[in-house]
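Note sheet for the following structure.
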Amino acid sequence: MAAPLVLVLLVAVTVRAVLYRSSLAALISERVEVASPLNAWKRVVEGLALLDLGVSPYSGDIFHETPLTIYLFHFLIEYAELVFMITDVLTAIALYLAVQDYNKVLFKKQKLLIELDKYAPDSAELILTPMEMYYIPLKVALFYLLNPYSVMSCVAKSTCAINNTIISFFILATIKGSTFLSAIFLALATYQSLYPLTLFAPALLYLLQRQFIPVKIKNKDFWFYTVQYAVLYLGSLIVIICLSFFLLNSWDFIPSVYGFILSVPDLTPNVGLFWYFFAELFEHFSFFFVCVFQINVFFYTIPLAVKLKEHPIFFMFIQLAIISIFKSYPTVGDIALYMAFLPLWSHLYKFLHNVFILSCVLIVCSLLFPVLWHLWIYAGSANSNFYYAITLTFNVGQIMLISNYFYAFLQREYYLTHGLSLIKKDKTDPILVLK
């Protein structure tokens with residue numbers, strides 16, 4: 001399996017290297033779908049210029065990346081292209097190893113449930129086989145490295161690629177069962193973009209499963225482990241924030257990074273849902289609706305934790321998708337990360353509906369983004385409504401795709417337990433109702 005992975009890595013690096021040397025690199029780096037005010041490379045360069053002049057990069061309204069990121073590129077600015085290619089390679093390798101380990105855990109769990117007769121006799125065709133699972137890690141790496149979204153994000157040198165690397169290492173550490181490393185990488189991911197805070201719940205549920213600790217309110221071991229993980233996470237986050245303070249000798253980065261993410265003052269168009277709505281909104285209503293929009297990312301965590309407490313990795317996948325859809329400054333690089341996990345759920349394909357239509361919607365919207373942008377900004381024959389309409393369609397397509405996977409997952413779990421040959425008392429086909 002190592003040889004195919006190396007081949008995929010070589011192809012991915014070659015594609016990125018060729019694009020870096022082409023005229024497309026400058027064009028891609030200017031695309032609002034690829035770079036946001038939060039992670040655009042030109043803003044990092046301007047922040048570095050201010051730092052070299054002895055001025056705080058957070059003194060204006062240009063730079064909104066974290067202090068550790070700007071100090072990283074302060075030393076590696078001349079090797080920026082290599083750094084971004086390495087981050088993508090590391091992300092793919094981390095995802096490959098994580099999925100490989102998860103498949104082993106999933107197969108052992110499935111084998112145990114079969115031995116305990118937890119599955120219905122006629123659900124044999126739904127049981128995963130080692131042959132089906134063998135190529136899934138490679139497909140996940142392939143889906144990330146050769147996804148046009150991740151390729152463009154790397155070529156544009158969007159710092160979203162670094163965030164993806166940190167999240168992928170967090171997923172790897174969690175699946176490996178390392179409480180300490182999982183907490184550290186989750187703290188780093190939260191420090192970078194705030195929203196990965198919601199990944200705390202699925203990570204905790206998975207680690208509890210690895211420790212064979214039941215999720216029960218009255219269980220002392222459950223509370224002890226939860227507090228232990230929370231302390232490690234919060235302690236790591238505090239240490240990272242304090243390190244940032246010592247680097248800058250200022251707390252200016254907190255309002256400039258996290259205040260910027262939460263208050264959404266820059267309404268530059270992107271693939272998200274915020275910019276158009278707040279551009280049209282009266283100023284005195286903005287605080288209320290910012291709160292309403294931001295709650296979306298965090299609101300679904302508790303109900304999903306209740307529904308998917310036995311399946312934390314699928315919960316993590318859904319939560320990554322929610323973050324990429326509802327965050328304030330999303331880019332296509334965020335979408336590439338959760339889409340890399342789609343091969344992991346290939347066993348759900350028989351329960352999915354309208355996948356071809358939804359795939360076409362996402363592809364067509366991706367192609368129409370630059371067209372409608374040109375008509376609006378350069379040709380002047382369209383307006384912001386056209387661009388936002390395609391943005392809205394793109395996000396609705398993502399929501400329907402994730403909802404489709406969620407329903408398919410629940411449907412398969414139900415059939416595994418109750419069997420495929422379900423008939424009602426009146427001899428008609430049953431209807432599965434999602435409650």
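Structure data summary
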| quantity | calculated |
| --- | --- |
| For segment 302-372 and segment 214-268, distance of Cα centres in Å | 25 |
| Normalised convex hull volume, segment 88-168, alpha-carbon set, Å³ per residue | 102 |
| Using a Förster distance of 25 Å, the FRET efficiency for Asn296-Thr393 (Cβ separation, nearest 0.05) | 0.85 |
| Extension gain, Lys176 back to Leu113 (0.36 nm per residue minus Cα-Cα distance, nm) | 20.5 nm |
| Prolate/oblate/rounded call for segment 293-358, Cα gyration tensor, a/c under 1.5 rounded | oblate |
| Alpha-carbon spread of segment 218-320, three principal axes, descending order, Å | 50, 41, 23 |
| Estimated inter-spin distance, His284 and Leu82, nm [label 7 Å along Cα→Cβ] | 5.8 |
| By average C-beta atoms within 10 angstrom, highest first, the peptides 221-234, 59-72, 252-265, 113-126 | 59-72, 252-265, 221-234, 113-126 |
| Area of Val18 that stays accessible when all protein chains are in place (1.4 Å probe, Å², to 10) | 90 |
| Gyration tensor (alpha-carbon) shape descriptor, segment 152-309, a/c threshold 1.5 | prolate |
| Shape metrics for segment 324-377, restricted to C-alpha atoms - Rg then Dmax, Å | 14.1, 44 |
| Solvent-accessible area per residue for segment 56-180 (1.4 angstrom probe, square angstrom) | 44 |
| Value of D in µm² per second that Stokes-Einstein yields for segment 1-142, Kirkwood Rh from Cα pairs, at 20 °C (1.002 mPa s) | 113 |
| Candidates Ala379, Ala389, Ala173, ranked by Gaussian network fluctuation over the chain, Cα under 10 Å, top entry | Ala379 |
| Degrees between helix 312-326 axis and first principal axis of the chain (Cα, 0 to 90, nearest 10) | 40 |
| Accessible surface, 1.4 Å probe, highest first, among residues Cys242, Cys160 | Cys242, Cys160 |
| Cα point-scatterer Debye curve for segment 280-435, base-10 log of I(q)/I(0) at q = 0.13, 0.18 Å⁻¹ | -0.77, -1.21 |
| DSSP-loop GluC sites (Glu not before Pro) across segment 257-311, with at most 11 other Cβ within 10 angstrom | none |
| Theoretical ellipticity at 222 nm over the chain - DSSP helices of four or more residues, -39500 (n - 2.57) apiece, nearest 500 | -21500 deg cm²/dmol |
| Projected-area mean, segment 121-189, by convex hull of Cα positions, square nanometres | 6.8 |
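The values are calculated or read from the model by the stated rules, or taken from the named source; none is laboratory data. Predicted model, so just to flag it, every value in this text is computed and none were measured. Note that each Cβ is placed from the backbone with ideal geometry, even for glycine, and that neighbours are counted across all protein chains shown. The area values use the complete protein model at the heavy-atom level, side chains included, leaving out ligands, DNA and RNA. Shrake-Rupley method; radii C 1.70, N 1.55, O 1.52, S 1.80 Å.
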